[in-house]
Amino acid sequence: MRETIRTTCPYCGVGCGVSVEDPGGAARVSGDANHPANFGRLCVKGAALAQVLTHEERLLHPQVDGARAGWDEALDRVAENFRKTIVDHGPGSVALYVSGQLLTEDYYVANKLMKGFVGSANIDTNSRLCMSSSVAGHKRAFGADTVPGVYEDLEEAQLVVLVGSNLAWCHPILYQRLVAAREKRGGWPRIVNIDPRRTATSEIADLQLSLAPGSDVALFNGLLRELQKAGKRDKKFVAAHTQGATEALGVARKWTPEKVAAQTGLPLAELHQFYDLFIQYDKTVTVYSQGVNQSSAGTDKVNAIVNCHLLTARIGKPGCGPFSVTGQNNAMGGREVGGLANMLAAHLELGNPAHRALVRKFWNAPHMAEKPGFKAVELFQAIDDGRVKAVWIVATNPVDSMPDADFVRGALKKCPFVVVSDVAAHSDTGALAQVLLPAQAWGEKDGTVTNSERRISRQRGFRESPGEARADWRAICDVAKRLGFSEGFAFDGPAAIFREHAALSGLENYGARDFDISAFAKISDAEYLALASFQWPCPAGVAIDEKPKRFFADGKFFTDSGRGQFVATDFRGTAGRTDAQNPFLLNTGRVRDQWRTTMGAGGAQNLSQHIAEPYAELNPLDAARLGIEPAGLARVWNERGAVILRAQITERQRRGGVFAPIHWSEQFASKARVGALIAPHVDPVSGQPESKATPVCVEAVHPAFYAFVLARKKPENLDCDYWALARIEGGWRIDLAGLKALPDADVFARKIFGLDAAPECDLVAMRDDKAGTFRCVVTRKDEMLGAIFIAPGPVDAARAWLCEQFARSEADPKALLAGRPPLATRDPGRKICVCLNVGAYTILDAIALKKLTSVDSVGAATGAGTGCGSCKPEIESLLKNPAPVSNQC
Ligand code: SF4
């Protein structure tokens, strides 16, 4: 019988359960039917997890100063440098920068080492960039970082308001649960989607509000006013369980619908439609994520939303509540252990002397941090100006993901000592490290993660780690021991760390703090091994049940007064303002099938098929004015940096805005690190950077040539003004462009394929001097090694068909020279459904020929959408707008 491992997806904050069969062989990954987050579903990223179980491109051994080293040598070097820096410059001169990708156990020991033993709170996390405004907003309103609701609330609501949340692409399984609920309940809940850009999520919205970037506070202040005016204030709840309503309403009063319309740019009719829906339906959930959080007014945005729920007492009850959904799979676990520089462990407060004393005693900590450390943006500024002289970066890639990313790179170059723990052999951050430590990847790691609804699940290792890769918790404990802290870090495995974490959560708690999992403080190793997922709180002595756990229905909050706190949120605009120099606002975000800076999912060939290139989404009127043609290249730049991206011209984008995805590092594209453009403007309360509204200039790029390449091997040297590469079955696809005309296309092709060193290879070329095109295929004996298509404009080739042919060993190399299929065969087009391998043209043809009108009928005709279902919003979009789809990206 085949063994089944129950584990958890490592990507987004939905936290889906995953079943893996046949560990050690060709792993088969499927959704865990018994996991309450996903009930067996997986999105396209989760479904492709087997493809990331590769050792290719893995960091397999420690490295010191660029040379392979043993673990002892590497850890000695880390400990010695940290020790010397602390002795010479104090505990504030060292730092850890960690990640929402860490398991809770890794996070716990990292936080314990810094805050209790080194004596500095200089540990921050990339979750600062993701959801720290929600943390700050929760703490202001609830007195604790509490997510009140559960996923079922979205299914039980009458109205779901999505704010700055492209749920369809960023939290696909939660989106699918919402869609399934609507199908089951005959169109309920109603959905309002609030986002400057029309996204895949807009396809299910009953109302789309494409508001001006950064104007959310005005919108929700106006809503608070209208709720009060309509008599929707729950007088009993507000009087008995809240405070600050008068002040909040005082500020909101001036936000008349006319004023809100002027600020948000929304038509009055749409505004009233939204307000009427919110007034009408008592069971309302407001879901928000990065569009709210990643703002210089992010915390106010969160509180403006929460105010509306406090006023109407729509909180903590089935189908009600403000609901922050997290970007990374363990952002919540990091919050629980105090992974942010201004938090202590177990939702205890760093600024509270009694809490510090409690933790000091519990840890027997020799050097307890007394004040907050540097938040992410401050941390890299402190590295730059020399206040921090040694930094250990774990499971994150700040050279790409931080705002002002070139500044961050410069700061790390200057830093006397940089350690990077990672799974990837090559990353833009790892390139700057003196010490590289090989970490375990998904499939090897063992510990727990917490999803957006406070559900703790086990991530179980089922594969041996390749080379010398080790658990992060172990590397951190080994350094702690070398620093003389053996007693506090004598853990023999993740179960021991989890027990301590659980015990701390219950310490002198008595219901005073939200986070309490002390029921597991004495869990045995065997019980930890078998631990089923559970939602917190789970205090000791209370029977653990499966019922959804909500907070605040009883009107008891964690503020000093025990009341929910309204926050008066006056509107202020985005920190960055457009002007004549930078007339566009850059919005950034994720795409459906990629993850972070392609370090995790970049190796999965399936996940490159949907969108293979970094792109800039532009409104057609803006593109026409700038002379940017479809599939041409656009330069997006400001005084901080520049990127070159493929133009995607679409009505979804508001005029004056440009959207670019965050995923492409220098490992996958020449100039697509959009973080380099983003100013380090932060929210004054949370310290979260404003990544959704950066003033930029956009202009057309006029390459002298474009090229499209298929290659078995990743080319070593892509010496071109623009390149973007993506893994495909059997090799790589690369898009190229150059500003200077090629003196000799043949020589260029030979260089790309390294043919001078491979005389046994044949090159069959086709040149049209009049059209300025050049095509060739490279073969060795009968094997096809590569193909290149060069043209003076965007290469007009059937990319999806070419990639399919390239994957087939029996394909006729010469047939590829045509660049498109023979007449009887149709190019399938860009992959929409990756699971069933269905392209956009196949879907459009089926819609036209068979007169299809629904996603289900497209599924029946083509198979598209019948796998994981992540592509259903795009099928819906093709049904509504059957226009030709750009084949480029
Ligand atoms: Fe993984 Fe998120 Fe997809 Fe679930 S929705 S399978 S957690 S990426």
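The values are calculated or read from the model by the stated rules, or taken from the named source; none is laboratory data. Source: prediction; values computed, not measured. With ideal geometry, Cβ positions are generated from the backbone for all residues, glycine too; neighbour counts draw on all protein chains shown. Just the protein is used for accessible areas: all its heavy atoms, side chains included, with ligands, DNA and RNA removed. Shrake-Rupley method; radii C 1.70, N 1.55, O 1.52, S 1.80 Å.
A few notes on this one:
- Per residue, the range 431-471 exposes 24 Å² of accessible surface when a 1.4 Å probe is rolled over the protein heavy atoms with every protein chain present.
- Solvent exposure of the range 501-626 as accessible area per residue, Å², 1.4 Å probe: 41 Å²
- Amide H to amide H distances under 5 Å link Ser99 with Asn126, where only residues 5 or more positions off or on other chains count and H is placed in the peptide plane.
- Karplus 3J(HN,Hα) series, Hz, for the range 37-52 with 6.51 cos²θ - 1.76 cosθ + 1.60 (x for Gly, Pro): 7, 10, 6, x, 7, 9, 7, 5, 5, x, 5, 9, 4, 4, 6, 8
- Between the beta carbons of Trp71 and Glu716, assuming R0 = 30 Å, the FRET efficiency works out to 0.50 to the nearest 0.05.
- For the set Lys115/Lys361; Lys714/Lys814; Lys45/Lys831, the pairs lying more than 19 angstrom apart at their alpha carbons are Lys714/Lys814.
- Note that the range 237-242 has calculated 3J(HN,Hα) couplings of 5, 4, 5, 7, 10, 9 Hz, one per residue in order, obtained from phi through the Karplus relation 6.51 cos²θ - 1.76 cosθ + 1.60 (θ = phi - 60°); glycine and proline are x.
- Of the residues Val674, Leu621, Ala647, the one whose Cα sits farthest toward the positive end of the charge dipole of the range 610-698, with +1 on the Cβ of Lys and Arg and -1 on the Cβ of Asp and Glu, is Leu621.
- Relative to the Cα centre, the charge distribution of the chain, modelled as +1 at Lys and Arg Cβ and -1 at Asp and Glu Cβ, gives a dipole magnitude of about 1740 debye.
- When the GluC sites (Glu not before Pro) in the range 177-239 are filtered for DSSP coil states and for at most 12 other beta-carbon atoms within 10 Å of their beta-carbon, no site remains.
- In the chain, Cα pairs under 8 Å separated by at least six residues give a relative contact order of 15 percent.
- Selected from Ala200, Ser427, Gly214, residue furthest toward positive end of dipole (the chain; charges at beta carbon): Gly214
- If you plug the beta carbon distance of Gln581 and His702 into 1/(1 + (r/R0)^6) with R0 = 30 Å, you get a FRET efficiency near 0.90.
- Length gained on full extension, Asp276 to Lys254, computed as 0.36 nm times the residue gap minus the Cα-Cα distance: 6.1 nm.
- Our helix-only sum for the chain, with -39,500 (n - 2.57) per DSSP H run of n ≥ 4 divided by its residues, gives a mean residue ellipticity at 222 nm of -8500 deg cm²/dmol.
- Within the range 769-875, GluC sites (Glu not before Pro) in DSSP loop having at most 15 other beta-carbon neighbours inside 10 Å: Glu810
- Placing unit charges on each Cβ (+1 for Lys and Arg, -1 for Asp and Glu) gives the range 730-823 a dipole about its Cα centre, and among Pro794, Leu742, Ala818 the Cα reaching farthest toward its positive end belongs to Pro794.
- When DSSP beta bridges are restricted to pairs lying wholly in the chain, around 60% turn out antiparallel.
- When +1 charges are put on Lys and Arg Cβ atoms and -1 charges on Asp and Glu Cβ atoms, the dipole computed for the range 194-351 relative to its Cα centre reaches about 420 debye.
- Gain on full stretching of the segment that runs from Ala553 to Glu464 - 0.36 nm per residue minus C-alpha separation: 27.5 nm
- Residues whose placed amide H lies under 5 Å from that of Gly786, excluding near-sequence neighbours: Val778
- Summarising the amide proton neighbourhood of Leu348: residues at separation of 5 or more, or on other chains, whose placed amide H is nearer than 5 Å comprise an empty set.
- Additional length obtainable on full extension of the chain from Ala807 to Leu60, 0.36 nm per residue less Cα span: 266.1 nm
- Each residue, Glu21 and Tyr510, gets one label point 7 Å from its Cα in the Cβ direction; the gap between the two is 5.3 nm.
- Centroid-to-centroid separation of the range 529-548 and the range 242-302 [C-alpha atoms, Å]: 36 Å
- Sites Glu152 and Ala765 - FRET efficiency at Förster radius 56 Å, r taken between beta-carbons, to 0.05: 0.35
- Among the trypsin sites (Lys or Arg not before Pro) within the range 681-760, those in coil by DSSP and having at most 10 neighbouring Cβ atoms inside 10 Å are Lys740.
- Accessible surface of the chain, 1.4 Å probe, proportion on carbon and sulfur as whole %: 51 percent
- With each label modelled as a point 7 angstrom along the Cα→C-beta vector, the Asp796-Val542 pair spans 6.7 nm.
- Taking Cα centre as origin and charging only the Cβ of basic (Lys, Arg, +1) and acidic (Asp, Glu, -1) residues, the dipole magnitude of the range 15-119 rounds to 340 debye.
- Residue-normalised accessible area of the range 157-237, given per residue in Å² at a 1.4 Å probe: 30 Å²
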